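The values are calculated or read from the model by the stated rules, or taken from the named source; none is laboratory data. Note that the structure is predicted; figures quoted are calculated from it, not measured. All Cβ positions, glycine included, derive from the backbone under ideal geometry; neighbour counts span all protein chains shown.
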Amino acid sequence: MEHKTLLSFLKKAIAGFSKADIFALRETANNAIEEAALASDKQLAKLAMMAYCLHKISSKEHIVRHGRWKEIKHDILFDLRKAEKSIAAKDFEDFDKNLNAAIDSIRTTDEKIGNYAQNVFEKAKVKYASTAYSMGLGLGQAAALEKKELLRYIGITRIADRDRPTVGIGERLRRFKRKIGEE
């Protein structure tokens, strides 16, 4: 994936989280996972999941009203801004480190303040793997997690029962070429 695409999505996620714009975060996450699926880009998929998790925790009243929320949000933004500088400098290793630090803060927040048994990041992995699968990626490609969880989620959502044909490799290639301007 071109670093400019990662940088663009990261900037959108930072802006949405800074403004507590949960709709912008959700839109950023959904658009990023579509791009990630088309390009089979794991870094962009991780960024999409992180944006989705920010959307989820930012929409939980019990989290944003918690006494530590301001500090937590500051720490996450600090890591995301460091990730932004890293990707701008094309330092992918440092980008991963900083993005993982933000994800760790999200996980910790969800574990300590969240009300649910399954954490938000695990839910995001399943949701976006199923999204990639519904876009025509093979099950093996879509599974960035345990296949058992993905299969159970796909079964519940009935994605596999849809009448519309899945997108074949030729169509995915044409879409990708259109995105990068080769067609």
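Things worth noting here:
- Of the residues examined, residue 46 is not one that is charged (D, E, K, R) and outside any helix (DSSP H, G or I).
- Residue that is over 22 Å from residue 175 (Cβ atoms), in a helix (DSSP H, G or I), in contact with a helix residue (DSSP H, G or I) (Cβ under 8 Å, 6 or more places away or on another chain) and free of Cβ contacts under 8 Å to residues at least 24 places away in the same chain, where the choices are 101, 83: 101
- Residues that are in contact (Cβ under 8 Å) with a residue 40 or more places away in the chain and either in a helix (DSSP H, G or I) or in contact with a Cys (Cβ under 6 Å, 6 or more places away or on another chain) (or both) within region 1-28 comprise 3, 6, 7, 9, 10, 11, 13, 14, 17, 18, listed in sequence order.
- Some residue of region 74-82 being loosely packed, with under 15 Cβ neighbours inside 10 Å and aliphatic (A, V, I, L, M): no
- Hits in region 1-57 - residues which are surrounded by fewer than 16 Cβ atoms within 10 Å (Cβ to Cβ) and among the aromatic types (Phe, Trp, Tyr): 23
- Close contacts from region 56-67, counting a first residue that is within 14 Å of residue 26 (Cβ to Cβ) and charged (D, E, K, R) and a second that is surrounded by 10 or more Cβ atoms within 10 Å (Cβ to Cβ) and modelled with pLDDT under 90, with Cβ to Cβ under 7 Å and a gap of 6+ residues or different chains, come to 56/120.
- Qualifying residue in region 86-93 (condition: buried (at least 21 other Cβ atoms within 10 Å of the Cβ) and either at pLDDT 90 or above or of a type outside the set (Val, Ile, Thr) (or both)): yes
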